[in-house]
Structure formats: structure tokens, C-alpha cells
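For reference, the structure is listed below as C-alpha cells.
The values are calculated or read from the model by the stated rules, or taken from the named source; none is laboratory data. Keep in mind it's a predicted model, so treat the numbers as computed, not measured. No Cβ is skipped: glycine too gets one built from the backbone with ideal geometry, and neighbour counts run over all protein chains shown. Each accessible area value is taken on the protein alone, full model and side chains, heavy atoms only, with ligands, DNA and RNA left out. Shrake-Rupley method; radii C 1.70, N 1.55, O 1.52, S 1.80 Å.
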Amino acid sequence: MADQSVFRITKELSDLQKNSDLSLAVACRDIDVRNVKALIIGPHDTPYEFGFFEFAFKFNKDYPRKSPQVTAITTNGGRTRFNPNIYASGRVCLSILGTWRGERGEEWSAAQGLESILLSIQSLMSANPYENEPGFEDANEPSDQQNQKDYIQKIRHETLRISVIQRLEEYLKIGPDGTVATPEAPKDAYALDVDSIEDESSVPFEPFKDLCKRRFLWYYDSYLATVQKGKAEVKDNTPFQRMPFEGSNNIMDGKFNYSELERRLHNIKKALDAETASWAAEGLVAKAKESTVAVNLQRQFEQIVESFKRADIPHNLELLDGNPFVWILTYFGKPMTNLDGGLFRIRISFSPRFPEEQPRIRFETRLFHHRIAADGTPCYVAPANRREDVKTHIEAVIDALEEENPPYDPRTLVYPEAFKLYWGSPEDRRLYNRRLRRSVQQSMEDL
């Protein structure tokens, strides 16, 4: 039974990791498949929008006959209740987990699994979570309507403050005053010996660190828009309103301070840009030492250049100052499309820890496009099983750029203004196309 349990968990993890769902991520240590970490990115048009919510799953030997134990990790150290069903203690109340009474047929069954639990939790992150509290599903008195508004406002604020800002500040070691702690010098891989290698279980397990950094760059403008919306609705230092169902130790308490959140968002963006820029210098050191990553990137660069020539692809690829950790791609707009005639310079920056840290790509030539953020960060997804293949990343960026009839997906909302026009009325789409064409024409003049 134990072996069957491990097999089932492993398969579910593999299936989820192969899935291109942009709002779910899962990971575990190789030595401990029964303890899984999961990340849910808050749904669009809810107070949880683009927040990073982490959960811990503990699978027992009876799985899938019995459900796993699930604990919310994003609770501000046990001080914040993010939802009527997600307690400050980390308890997640769901009938399929046996942590809440449900209707007949809503209990756990072996047909359910990790993904169905994550989707059930994600469904709790609704546009009006006040209604999740039993007895308040149809509450529609004037006092309830005001409570709903107040509850949404404070969840939106704390989603940004706790799930996004605090998490990124911790990753980047940003202090209260905005200063960034000097990172420890990376260990020389060639200087390590067997005795000096740390036991895996003693190393902090942060599987979503790189993902959250890259998604922050995707959603940065949306976070700033949330701040502006919050400033318009509530004054700084206004206390949060307590909900009727919140208890003394199971509450979301605090004060609004969107001005402070805005300052911290700017600091995070600045620190991320500085981190990306630092990879170039680190890369030159790695190149001089002929590190495995440096050799691999140099080889991939040469192979891609050769493949472009063989396939008669017009795009140009070169290393910036001969550094294999900084590539410059010149993209020629696809003929017979709105991109036709455009010429765009794209910088691809690699970490010396690639592929654990994925490339950070930026359009240095400005382009008005619904899949390119205002700062030039493209919204693309490379297949999880080919994360180390740089050509796959380049192809994924170009595919996102050239896709003619993409499905509507609010998780790709990286340039709010362009996104709204692209998915708006026919007149909005015409305006979008005009602005896109104008930026394409400008690209030739800029170069």
C-alpha cells in the first residue's frame, strides 16, 4: 500500500508540473515525496489577485484512501486569517479534507487528489469571500453589504502586503528602509568536496523563489494599479473593520497604508532589476573558471545561431561583450502581421545558477503588446520539462508575440492598458492595433 501511495503522489506531482496552469505550482524534496509544497496564485478580479499563497501537504501511507493534511503557510506567522475557510492557524476548512461538514457526496474519495484540492482551495478565493462563511451565504442587509466591501478592501491590502511584498522582501533580503543586504559570495563548485556538501534536509526548501520573482515582474503594473485603487477608496492609517465571524485569535487585523506598500513595491522592482544586472558580472567570473553553466550556455548559443542559419531564420543572436550569460536577440517582425517591419532588441539574462533560476528576458525596444509588460518583460511559458533548453524559451517568447488568436486568459495580464484594449470592444481592438503598429514603426526609428 505504501508503495502504491508513493507512486500515486509522484504521478500527481509529475502531471501538475507538466501542466501549463499559470496559477498552480507544486514541489517536494527528492528525498521526501510525502511532504509537498504548493503555491496558488490568486485569481484575477478578486481581492486575492496575483497574490502568492503557499500551502503544505502531508500525505500519509493510506493515501489516496484517506485525504492528505493541508496547512496554509501564508498566514503572517499565524496572525492573519485570509478567508473564512483559511484560518490564521493554517487550518483549511474543506469538506473533502474532512475539516468541515459538507453535504452528502462532498466527502473525500480516492478519485480526488492534489489538483482537485488545490482547485477547491482556489475556488475559496472568490470575488466576495464574505459569503464563504456559513450563515452568511445570502446575507444582504445594509450592514452585510458594507461588511462585504470592508472585507474585500482589507483582504486586497493584506494580499499585497503579506503574500507579495513580505515574501519578495524576504527573498531579496530587503530591509525596512529599503536597503538590500549584501548577498553571500556564491560557493565555488570546484572547491566543494564530498564532506562539505550539506545534507539536503538541512538546506531551506524554497521551491517557488524564482517563480515568484518572475511573476512579480509580470504583475508589477497590476500591483501598482491595486495601490492606486486602494488609495482612492480608503485613507492611510484607517483601521481594518472586524467581521462578525472573526474571533480574537482568528482575524485579519491592521491598518491601511497603501503609500507604504507603493514605496516597498518600487524597492522590490529596483532590487530585482539590480539582481538581474549583477548576473552579467557573476557570469564573467563563471566564464573565466569555465564553469559547467558557462560552457553549457556557450554551446547552446552556438547551436542556436547555427540552427537560425540552417532554417534561414532572419533573427540575429549575439553575446553581449562575449559574455555567455547575456544574449542579445534582434527579432524581425513576422511578415503580413501587425509586427511586420518591426525590429526589436531583446536582452536575455542568465543566472550562474541556471536552470534553477530561469532566464529573465526583456524587450529593450518598446513594444505596445498585451503579452509584453510596460518595462519590456514578456509573458511566456516554457515547457517545464525543457527549462534548461534556451531555444525553447526563445521560441515561447516569439510564439506569445505572434499568436494570432490566443484564448482569453487573465493570468497573462502583464500590461493592463494593452490587455484591456485587446480584449475590449471592436473599437478597443482597432485602437490596440493602431498603437501596436505605431510602436512597430517606432522600433525602426529607434534602431
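The table below lists the values:
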{"read-out": "Residue list for the range 8-39, filter: in a strand (DSSP E or B), farther than 20 Å from Q122 by Cβ and in contact with a helix residue (DSSP H, G or I) (Cβ under 7 Å, 6 or more places away or on another chain)", "value": "R29, V33, R34"}
{"read-out": "Matching residues, the range 66-91, being surrounded by fewer than 22 Cβ atoms within 10 Å (Cβ to Cβ) and either in contact with a Pro (Cβ under 6 Å, 6 or more places away or on another chain) or assigned to a strand (DSSP E or B) (or both)", "value": "Q69, T71, R91"}
{"read-out": "Members of the range 140-182 that are more than 24 Å from I251 (Cα to Cα), in contact with a strand residue (DSSP E or B) (Cβ under 8 Å, 6 or more places away or on another chain) and in a helix (DSSP H, G or I)", "value": "L172"}
{"read-out": "Count - residues of the range 276-298 that are open to solvent by 80 Å² or more (accessible area, probe 1.4 Å), of a type outside the set (V, I, T) and more than 25 Å from G376 (Cβ to Cβ)", "value": "4"}
{"read-out": "Test: D138 is of a type in the set (D, E, K, R) and open to solvent by less than 50 Å² (accessible area, probe 1.4 Å)", "value": "no"}
{"read-out": "Any hit, the range 374-381, residues being of a type in the set (D, E), over 30 Å from F52 (Cβ atoms) and in contact (Cβ under 8 Å) with a residue 40 or more places away in the chain", "value": "no"}
{"read-out": "Number of the condition not met by N405 [criteria: (1) closer than 17 Å to D221 by Cβ; (2) in a loop (DSSP other than H, G, I, E, B)]", "value": "(1)"}
{"read-out": "Filtered residue count, the range 198-247, keeping only those that are of a type in the set (A, V, I, L, M, F, W, C) and outside any helix (DSSP H, G or I)", "value": "7"}
{"read-out": "Selected residue (criterion: modelled with the lowest pLDDT) from residues of the range 426-446 that are open to solvent by less than 70 Å² (accessible area, probe 1.4 Å) and in contact with a Ser or Thr (Cβ under 9 Å, 6 or more places away or on another chain)", "value": "S443"}
{"read-out": "Options P352, P324: the member that is in contact (Cβ under 8 Å) with a residue 40 or more places away in the chain, buried (at least 18 other Cβ atoms within 10 Å of the Cβ) and in a loop (DSSP other than H, G, I, E, B)", "value": "P352"}
